[in-house]
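Written out below as structure tokens is the structure these notes cover.
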Amino acid sequence: MPNLTRHQPATTPDDLGRFFVERANAGDVDGLVALYEPEAVLAFPSGNFATGHAEIRAVYTDLVADAPRFEPGQQQPTLITDDLALTSTRLVGGGVTVEVAHRQPDGTWLWAIDNPNIAG
């Protein structure tokens with residue numbers, strides 16, 4: 001299994017979106033998977049889901065194979081209650097992402113639910 005701990009951890013929920021853009025643009029599949037909890041759910045506009053690191057890895061392996069270029073969007077204010085955070089970004093092309101991040105026991109944050117494009 002790949003080492004998911006070698007990447008800089010998110011110390012705030014807002015770090016996750018920035019790390020996604022950096023790692024996706026670098027083609028860093030391990031780094032992308034490291035943004036998620038082990039049983040996280042990643043949604044697709046088609047209504048399908050990837051659950052867990054193995055399925056999320058497969059999605060991002062396919063995604064970065066085409067070497068797309070991601071632009072940082074406009075991050076919306078993060079809503080935090082206890083160990084949960086709702087993050088959202090308005091993408092450059094007009095889409096919107098919505099994610100639920102979960103604070104880990106060590107104080108870092110990982111996505112538990114990721115819906116990367118709810119409106120286009």
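Laboratory data are not the source of any read-out in this text; all were calculated from the coordinates shown. Remember, predicted model here, so these are calculated numbers, not experimental data. Ideal geometry is used to build each Cβ from the backbone, glycine not excepted, and the neighbour counts take in all protein chains shown.
Structural remarks
- Cα gyration tensor shape of segment 8-67, rounded if a/c is under 1.5, else prolate or oblate by comparing a/b with b/c: oblate
- Per-residue [θ]222 nm for the chain (sum of -39500 (n - 2.57) over DSSP H runs n ≥ 4, rounded to 500): -8000 deg cm²/dmol
- Estimated distance in nm for a label pair at VAL92 and THR51, the labels positioned 7 Å out from Cα along Cα-to-Cβ: 3.5
- Computed extension length for ASP28-GLU71: 13.9 nm, one decimal, from 0.36 nm per residue of separation with the Cα-Cα distance subtracted.
- Prolate/oblate/rounded label for segment 1-117 (Cα gyration tensor, a/c 1.5): rounded
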